[in-house]
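Everything on this sheet refers to the single structure shown next.
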Amino acid sequence: MKIVVTFVPDLYAFHLPNLEFDELERVLDEWEDPLFLFEFFSDNEADLNGEYTIEEAIEKTRNEVKKFRKRMLDLASATPSRLNEFFQNLHNQEYKQTILPKQKARQNWLRLYALKIIDENKTFYVITGGMIKLTGLMEDRPHGAYERNKINQCSDYLKDYGVYDTDSFIEIFF
């Protein structure tokens, strides 16, 4: 496992072993890939609840990812960065401050997951993965449980290396 710089300011991503792309690039590529989307929505057609055909769901996802990417880039490119408006706590009822809080960014059924690294002067986000979430809870489907497990593993990885703020993150990984 390693951490890489992404094309988005203040945004890093995990690059998992044996995968070609880092998690940000992998997720965005999947969301734009018609074959991946066809297979995903075919496998999860029941979760569309008859509201969309597979073809409509593919088109909707590809349109939503364009908005998602634009909003992410616009907020990250602002001076100062406004990525904190893009991400929110993973758990909707979580209000206490923790080390490496788990975060999510949402655009309709698209979810991007990250760990937030913060100190008084700077905030970074490290992408751990993402998914198309058609059900109420992540754990409702295997791909969601996988993403939940991955964000926990990534958090443990950073904690094991002693990351607790932006300075320690840069010192250890860059």
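Residues are listed down the side, and each one gets a yes or a no for (1) free of Cβ contacts under 8 Å to residues at least 60 places away in the same chain; (2) in a helix (DSSP H, G or I); (3) in contact with a Cys (Cβ under 7 Å, 6 or more places away or on another chain):
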| residue | (1), (2), (3) |
| --- | --- |
| Leu19 | yes, no, no |
| Leu35 | yes, yes, no |
| Ala46 | yes, yes, no |
| Glu51 | yes, no, no |
| Leu73 | no, yes, no |
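Does Lys67 meet the test of being over 30 Å from Asp165 (Cβ atoms), touching a residue at least 40 places away in the same chain (Cβ under 8 Å) and open to solvent by 40 Å² or more (accessible area, probe 1.4 Å)? Quick ask: steps written out before the conclusion?
On the way: over 30 Å from Asp165 (Cβ atoms): yes; touching a residue at least 40 places away in the same chain (Cβ under 8 Å): yes; open to solvent by 40 Å² or more (accessible area, probe 1.4 Å): yes.
Yes.
Which condition number does Asn121 fail, the rest of (1) within 28 Å of Pro17 (Cβ to Cβ); (2) part of a loop (DSSP other than H, G, I, E, B) being met? Unmet condition: (1).
For residues that are assigned to a helix (DSSP H, G or I) and either within 19 Å of Tyr12 (Cβ to Cβ) or in contact (Cβ under 8 Å) with a residue 60 or more places away in the chain (or both), tally how many sit in the range 144-174. So that I can check it myself, show each step before the final result.
In the first step, residues of the range 144-174 are kept if they are assigned to a helix (DSSP H, G or I); the result is 144-160, 166-173.
Still in the list and also either within 19 Å of Tyr12 (Cβ to Cβ) or in contact (Cβ under 8 Å) with a residue 60 or more places away in the chain (or both): 147, 150-160, 166-173.
Summing the residues that are assigned to a helix (DSSP H, G or I) and either within 19 Å of Tyr12 (Cβ to Cβ) or in contact (Cβ under 8 Å) with a residue 60 or more places away in the chain (or both) in the range 144-174 gives 20.
Is it true that some residue in the range 76-96 is in contact (Cβ under 8 Å) with a residue 12 or more places away in the chain, over 19 Å from the mean Cα position of the chain (by Cα) and exposed (fewer than 15 other Cβ atoms within 10 Å of the Cβ)? No.
The values are calculated or read from the model by the stated rules, or taken from the named source; none is laboratory data. All values derive from a computational prediction rather than experimental measurement. All Cβ positions, even for glycine, are placed from backbone atoms using ideal geometry, and neighbour counts span all protein chains on display. Surface areas here come from the heavy atoms of the whole protein model, side chains and all, with no ligands, DNA or RNA. Shrake-Rupley method; radii C 1.70, N 1.55, O 1.52, S 1.80 Å.
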